[in-house]
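Report on one structure; see the data block that follows.
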Amino acid sequence: MGLRIHAGDVSDAYLARRAMVRGYAVVIWRGSHVIDPHHLPVHEAARFQAEVLRVGAALERHFEPLKINYMTLGNRVPHLHTHVTARYWDDPAPGGPLPDGPNHEVPPDELAADAAALRLLLR
């Protein structure tokens, strides 16, 4: 998975150890098992979305990308989670969604430094 960068009230966020672009995080719902956000009571869905947006803002501040993408998938892992991804002009799919692989191993020192900086931003 990656390094945990945030433990929110309803979710945990991880900076990916393997990624196609720098600044790829996943925010995972920590409550009871649900597949999609509409399976939650409105107040819980709102709390989850607020935590997702908070992670996106931290990624934007630290990595200074062109854009942040939010993808709530669940086709492969059927538990509520949202991919929050920094996007750059020179990334592998400018103007479109990231393709499914190939991901590369983020150098451990870079991963640790980015995770530490994001944890500070998410305090």
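Values in this text are rule-based calculations from the coordinates and carry no lab data. Owing to the predicted nature of the structure, the values given are computational and were not obtained by experimental measurement. Every residue, glycine as well, gets a Cβ built from its backbone with ideal geometry; the counts of neighbours run over all protein chains shown.
How large is ³J(HN,Hα), in whole Hz, for each residue of segment 113-123 in order, when computed from phi with the Karplus curve 6.51 cos²θ - 1.76 cosθ + 1.60 and θ = phi - 60°, using x for Gly and Pro?
Karplus values, whole Hz, x for Gly and Pro: 5, 5, 4, 5, 5, 5, 4, 5, 5, 8, 4.
Restricting everything to alpha-carbon atoms, can you work out Rg to Rh for the chain with a Kirkwood hydrodynamic radius? Walk me through the numbers before you get to the answer.
Working: Rg = 13.9 Å, Rh = 14.6 Å.
With Rg and the Kirkwood Rh in hand, the quotient comes to 0.95.
Mind checking segment 34-123 for chymotrypsin sites (Phe, Trp or Tyr not before Pro) that DSSP puts in a loop (not H, G, I, E or B) and that have at most 14 other Cβ atoms within 10 Å?
TRP89
For the chain, build the charge dipole from Cβ charges (+1 Lys, Arg; -1 Asp, Glu) around the Cα centre, then report which of THR72, PRO102, ALA50 sits farthest towards its positive end.
ALA50
Once you charge only the Cβ atoms, +1 for Lys and Arg and -1 for Asp and Glu, what is the size of the charge dipole of the chain about its Cα centre, to the nearest 20 debye?
200
Please state the relative contact order of the chain as a whole percent: Cα pairs under 8 Å, 6+ residues apart? Working shown, then result.
Numbers: 208 pairs, mean separation 38.1, N = 123.
Relative contact order for the chain comes out at 31 percent.
Using only the Cα atoms of segment 80-123, what semi-axes does the equivalent ellipsoid have when each is the square root of 5 times a gyration tensor eigenvalue? Give whole Å, largest first.
Rounded to whole Å, the semi-axes are 22, 14, 12.
Charges only on Cβ, +1 for Lys and Arg, -1 for Asp and Glu: so what's the dipole of segment 1-64 about the Cα centre, in debye to the nearest 20?
On the way: 8 positive and 7 negative charges, 60 e Å.
The dipole magnitude comes to about 280 debye.
How large is ³J(HN,Hα) for each residue in segment 90-101, as worked out from phi by the Karplus curve 6.51 cos²θ - 1.76 cosθ + 1.60 (θ = phi - 60°), to whole Hz, x for Gly and Pro?
So the J values, rounded to whole Hz, are 9, 6, x, 9, x, x, x, x, 5, x, 7, x.
Calculate one ³J(HN,Hα) per residue across segment 64-74 by plugging θ = phi - 60° into the Karplus curve 6.51 cos²θ - 1.76 cosθ + 1.60, and present them in order as whole Hz with x for glycine and proline.
6, x, 5, 7, 10, 9, 10, 10, 9, 9, x
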